[in-house]
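Peer 1: My questions all concern the structure below.
The values are calculated or read from the model by the stated rules, or taken from the named source; none is laboratory data. All values derive from a computational prediction rather than experimental measurement. No Cβ is skipped: glycine too gets one built from the backbone with ideal geometry, and neighbour counts run over all protein chains shown. In case anyone asks, the SASA skips ligands and DNA or RNA and just uses the protein heavy atoms, side chains included. Shrake-Rupley method; radii C 1.70, N 1.55, O 1.52, S 1.80 Å.
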Amino acid sequence: MNSLFFDTHQDRVALARRQYFEEGKLPTGVVSDAVLQSWGHCLRSKRAASEKVEFQPVSVSRSHLALQKNALLCEAWRHELRSLEATIGSTGCDAVLTDATGVLIGVAGRVEQSSGVLKAAHRVGVNLSEELVGTTAPGLVLRTGKVSLVRGAEHYFERVGHMHCAAAPIRDIQGRLIAVLDISSEGAPFRFDVTSVLGYFASAIENRLVVAQADQHLIVRFQISEALLDTPLCGLVGVGLEGKVAWYNSAAANLLGLSPSVTAGLDLMAEQLFDRTVVELVSMRETKEILRLPNGLSVCVRCDLQARDGGQSLVHIQAPMPAPKAVDAVPVPIEPSISTTEQPPVVADVPTGLSATTLRDADVDLIARTLAECNGNVSAAARKLKVSRGLIYRHMKSQQPSTGR
């Protein structure tokens, strides 16, 4: 007698497949809506569940284009690769990274020791989209934008019914789904909480990506515990030069109750999210503070000023502690070791406190203050701020009053 009261999930799914494909009955409550919808898409594309699945790579030119187009993403992936492989290395699972079209651009695990489906499917350039390989976790993520789990017979094609896979989305600085991280096991179900592992590493890659894409932003880090500020679980918000929110990551969206979808065209100010001005946020670089978000949640906050210095790597400018009291402005002498062939610009008087109204003003104030502490020595100030001398000279030059000819 047909019954949904089987001991194993695999048996219940096997019955659900027979009812769906042979009798046209919807297996309500047995498989997720996302899996059911994927089965429907495959049926409408005239694919038979008994077909042999071919894991074919895209053209060489398209594969190279995918790697080039996602250079920052691939760099973020490489930073987490060793840790990811160490984590899943003894589980018998492999992990892969695909771009937003399903083309595989990164592999982690013991692929060279794999066999069967893993060896065939987990090759750079293979297209894992639903249109080609049917119902899989990466395909569901590309369609829904949500963490997905496909176990055994939930795969559309019968010949991959022994596979188990889970996948999570990775979004860029504009909130667009740019990649999918997948962990797969062949033959045996996962023996650990795969969605937790996925969430951790997907967040780690996403955070590295959005920080690498940020330019001239105040990056606000926050979480419910100070211990989480330097982990992939940290919420990140990028604030532009005039205090407008430019982007946020998935963790920040969850903490703030915002949509994790595309962030382009945001009309939010930093004060709306944190009840603090830009300058007040800048001052939190050295002193972490507990703030109450508009939704009532209390979080620990730390901020970093970030800018690009020409074509060099990203540099982090430390925000100073707020001055306890105002002091008289002191002219800053010019570094004596500077070449006489080209005189450096004259530095304006040092501001007395962090009274700027934009990030750029805060940068100028910080550089002038540091120069004063270093007696005008540009090299010493650059070393202290961990930036190039050229960056300081450009800030100094920008503060010179323009003279008519």
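Peer 1: Please go through segment 296-311 and pick out each residue that is open to solvent by 10 Å² or more (accessible area, probe 1.4 Å), at negative phi and at pLDDT 90 or above.
Peer 2: Matches in segment 296-311: 297, 298, 302.
Peer 1: Looking at segment 24-31, can you tell me whether even one residue there is within 30 Å of residue 207 (Cβ to Cβ), of a type in the set (A, V, I, L, M) and part of a loop (DSSP other than H, G, I, E, B)?
Peer 2: Within segment 24-31, none of the residues are within 30 Å of residue 207 (Cβ to Cβ), of a type in the set (A, V, I, L, M) and part of a loop (DSSP other than H, G, I, E, B).
Peer 1: Which residue, of 76, 48, is in contact (Cβ under 8 Å) with a residue 40 or more places away in the chain, of a type outside the set (Phe, Trp, Tyr) and open to solvent by less than 70 Å² (accessible area, probe 1.4 Å)?
Peer 2: That would be 76, the only listed residue that is in contact (Cβ under 8 Å) with a residue 40 or more places away in the chain, of a type outside the set (Phe, Trp, Tyr) and open to solvent by less than 70 Å² (accessible area, probe 1.4 Å).
Peer 1: When residue 91 is evaluated against the numbered criteria (1) open to solvent by 10 Å² or more (accessible area, probe 1.4 Å); (2) among the hydroxyl-bearing types (Ser, Thr, Tyr); (3) in a helix (DSSP H, G or I), which criterion, by number, is the only one it fails?
Peer 2: (3)
Peer 1: Right, another one. Out of segment 192-206, which residues are open to solvent by 20 Å² or more (accessible area, probe 1.4 Å) and assigned to a helix (DSSP H, G or I)?
Peer 2: 195, 196, 197, 199, 200, 203
Peer 1: Out of 124, 147, report the one residue that is open to solvent by 40 Å² or more (accessible area, probe 1.4 Å) and under 30 Å from residue 17 (Cβ atoms).
Peer 2: 147
Peer 1: Among the residues in segment 165-185, are any under 30 Å from residue 134 (Cβ atoms), open to solvent by less than 40 Å² (accessible area, probe 1.4 Å), in contact with a His (Cβ under 9 Å, 6 or more places away or on another chain) and free of Cβ contacts under 8 Å to residues at least 60 places away in the same chain?
Peer 2: Within segment 165-185, one or more residues are under 30 Å from residue 134 (Cβ atoms), open to solvent by less than 40 Å² (accessible area, probe 1.4 Å), in contact with a His (Cβ under 9 Å, 6 or more places away or on another chain) and free of Cβ contacts under 8 Å to residues at least 60 places away in the same chain.
Peer 1: Further question on the same structure: Residues that are at pLDDT 95 or above and within 22 Å of residue 233 (Cβ to Cβ), at least 2 per element: which strands (runs of 3 or more DSSP E) completely within segment 101-180 meet that?
Peer 2: Where strands (runs of 3 or more DSSP E) fall fully within segment 101-180 and carry at least 2 residues being at pLDDT 95 or above and within 22 Å of residue 233 (Cβ to Cβ), they are 148-151, 163-171.
Peer 1: Can you find a residue in segment 35-45 that is in contact with a strand residue (DSSP E or B) (Cβ under 7 Å, 6 or more places away or on another chain), farther than 17 Å from residue 161 by Cα, open to solvent by less than 100 Å² (accessible area, probe 1.4 Å) and not in a helix (DSSP H, G or I)?
Peer 2: no
Peer 1: Pairs needed: first member in segment 244-259, among the aromatic types (Phe, Trp, Tyr) and surrounded by fewer than 23 Cβ atoms within 10 Å (Cβ to Cβ); second member anywhere, part of a helix (DSSP H, G or I) and modelled with pLDDT under 90; C-beta distance under 6 Å; at least 6 residues apart or different chains.
Peer 2: none
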